[in-house]
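J.: Below: one structure in structure tokens.
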Amino acid sequence: MEKSVKRFLVGIALVCTSIVLIGCGTGSTKTSGSGGDETSGKRKLIVGTDATYAPMEYMDEKGNIIGIDIDIVNAIAEAAGFEVEYKNYGWEPLFPAVDNGEVDFAVSSITITPEREQSYDFSDPYFIANQLILVPEDSDVESFEDLADKRVSVQINTTGHIVVADLLGKTNSKIVAAETMPLAITEMINGNADASVGDNAVIIDYKANNPNVKVKTIEDDSFEKEYYGLMVKKGNQEVLDMLNEGIEKIKENGKLKEITGFDVE
Ligand code: ARG
């Protein structure tokens, strides 16, 4: 009788121990799985950007990379089941970083152009933009044509730089090509340029956030629609497929429109 009671107690103890152990095991997996990428089993892609481009990609006071593009990529990653880690490269260094595989892809309000498509592959378009002109409030500039004999600041090697180079001539010293868009705008504010040309969202955001700076924007019908894409190393079909899968999903489920406020295509 006593023996069987003992056995019974030992049995219960064993069952309890295993429950605790199983419990512990499950608990710890959950804890590390929720935050980490290693235990989640999801692939982590390194994403390069030029975080000087508010409201699209920029840094908050704490140095976190945020913006509309970042929200879009986060949504794409969630929809396609991968993780992302952002790295700030700056605009020009971003392109070699994609080439040499330091990053899996780049997000940076990058317009898909035939020239770039010769060296890189692009995802399906996820955003529509156009160039916009920013001038001092008292400027007599009324159209893009009016910039032909003016000093114009742009961010170097952007589509803004390209349209201005087409109008003024590639080697024209009146083109002020700055490393970042904020620097290009500063050149204009400081009187080193008569106008700035850049992507509409960024120009509009600058004006909205600097109500004390006396500037106005000028639209021009000659500016073509530009489509932003995510950029991968030429031939990286694997990453391209993941990105396009995510883009298709967030176009379908309305998430992309929720972030940007408009439909693409
Ligand atoms: N859309 C323009 C281009 O592709 C400008 C992009 C600049 N992006 C940036 N994050 N600085 O040339």
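J.: What number goes with the only condition from (1) within 18 Å of Val163 (Cα to Cα); (2) of a type in the set (A, V, I, L, M); (3) open to solvent by less than 40 Å² (accessible area, probe 1.4 Å) that Leu256 does not pass?
T.: That leaves (1) as the condition not met.
J.: Test Ser153 against the stated conditions and say whether it is farther than 27 Å from Gly229 by Cα and more than 10 Å from the ligand (Cβ to nearest atom).
T.: Details: farther than 27 Å from Gly229 by Cα: no; more than 10 Å from the ligand (Cβ to nearest atom): yes.
Answer is no for this residue.
J.: Answer yes or no as to whether Glu224 is within 16 Å of the ligand (Cβ to nearest atom), open to solvent by 30 Å² or more (accessible area, probe 1.4 Å) and more than 16 Å from the chain's Cα centre (by Cα). Lay out the reasoning, then the answer.
T.: Values: within 16 Å of the ligand (Cβ to nearest atom): yes; open to solvent by 30 Å² or more (accessible area, probe 1.4 Å): yes; more than 16 Å from the chain's Cα centre (by Cα): yes.
Yes; evaluated as a whole, the condition is true for this residue.
J.: Take Met242 and tell me if it is open to solvent by 20 Å² or more (accessible area, probe 1.4 Å), in contact (Cβ under 8 Å) with a residue 60 or more places away in the chain and within 30 Å of Asn100 (Cα to Cα). Step through it out loud before you land on a result.
T.: Numbers: open to solvent by 20 Å² or more (accessible area, probe 1.4 Å): yes; in contact (Cβ under 8 Å) with a residue 60 or more places away in the chain: yes; within 30 Å of Asn100 (Cα to Cα): yes.
Here the answer is yes, as Met242 does meet what is asked.
J.: Only one residue in Gly63, Gly90, Gly81 is open to solvent by less than 60 Å² (accessible area, probe 1.4 Å) and within 13 Å of the ligand (Cβ to nearest atom), so which one is that? Write out each step before concluding.
T.: Values: Gly63 fails: within 13 Å of the ligand (Cβ to nearest atom); Gly81 fails: within 13 Å of the ligand (Cβ to nearest atom).
Criteria check complete, one pass: Gly90.
J.: Scan region 100-114 for residues that are within 9 Å of Leu230 (Cα to Cα) and acidic (Asp, Glu) and report the count.
T.: 0
J.: Same structure, new question: For region 38-59, enumerate the residues that are of a type outside the set (Phe, Trp, Tyr), more than 22 Å from Lys251 (Cα to Cα) and open to solvent by less than 40 Å² (accessible area, probe 1.4 Å).
T.: Ile46, Gly48, Thr49, Asp50, Ala51, Ala54
J.: Moving to a separate point now. Suppose we keep only residues that are among the charged types (D, E, K, R) and in a loop (DSSP other than H, G, I, E, B) within region 50-60. Which one would you say is nearest to the ligand (Cβ to nearest atom)? Walk me through how you get there before you give the answer.
T.: Narrowing region 50-60 to residues among the charged types (D, E, K, R): 50, 57, 60.
Going one step further and asking which of them are in a loop (DSSP other than H, G, I, E, B), we end up with 50, 60.
Details: Asp50: 4, Asp60: 16 Å.
Result: Asp50.
J.: Would you confirm, using the coordinates I've provided, whether Glu102 is under 30 Å from Glu238 (Cα atoms) and without any contact (Cβ under 8 Å) to a residue 12 or more places away in the chain?
T.: Working: under 30 Å from Glu238 (Cα atoms): yes; without any contact (Cβ under 8 Å) to a residue 12 or more places away in the chain: no.
Here the answer is no, as Glu102 does not meet what is asked.
J.: On the basis of being under 16 Å from Ile46 (Cβ atoms), of a type outside the set (D, E, K, R) and over 14 Å from the mean Cα position of the chain (by Cα), does Pro114 make the cut? Lay out the reasoning, then the answer.
T.: On the way: under 16 Å from Ile46 (Cβ atoms): no; of a type outside the set (D, E, K, R): yes; over 14 Å from the mean Cα position of the chain (by Cα): yes.
It is false that Pro114 is under 16 Å from Ile46 (Cβ atoms), of a type outside the set (D, E, K, R) and over 14 Å from the mean Cα position of the chain (by Cα).
J.: Go through region 79-93 and count every residue that is touching a residue at least 60 places away in the same chain (Cβ under 8 Å) and in a helix (DSSP H, G or I).
T.: 4
J.: Looking at (1) buried (at least 18 other Cβ atoms within 10 Å of the Cβ); (2) of a type outside the set (D, E, K, R); (3) within 21 Å of Pro55 (Cα to Cα), can you tell me which one Val232 breaks?
T.: (3)
J.: Check Val47 against each of (1) in contact (Cβ under 8 Å) with a residue 60 or more places away in the chain; (2) of a type in the set (Val, Ile, Thr); (3) not in a strand (DSSP E or B) and name the one condition it does not meet.
T.: That leaves (3) as the condition not met.
J.: Among the residues of region 120-156, what is the count of those that are more than 17 Å from the chain's Cα centre (by Cα) and under 23 Å from Thr52 (Cβ atoms)? So that I can check it myself, show each step before the final result.
T.: Initial filter on region 120-156 (more than 17 Å from the chain's Cα centre (by Cα)): 131-154, 156.
Of the ones still in play, those that are also under 23 Å from Thr52 (Cβ atoms) are 131-136, 151-154, 156.
Going through region 120-156 one residue at a time, the tally reaches 11.
The values are calculated or read from the model by the stated rules, or taken from the named source; none is laboratory data. Since we're looking at a predicted model, the values are computed, not measured. Backbone-built Cβ (ideal geometry, glycine too); neighbour counts: all protein chains shown. The area values use the complete protein model at the heavy-atom level, side chains included, leaving out ligands, DNA and RNA. Shrake-Rupley method; radii C 1.70, N 1.55, O 1.52, S 1.80 Å.
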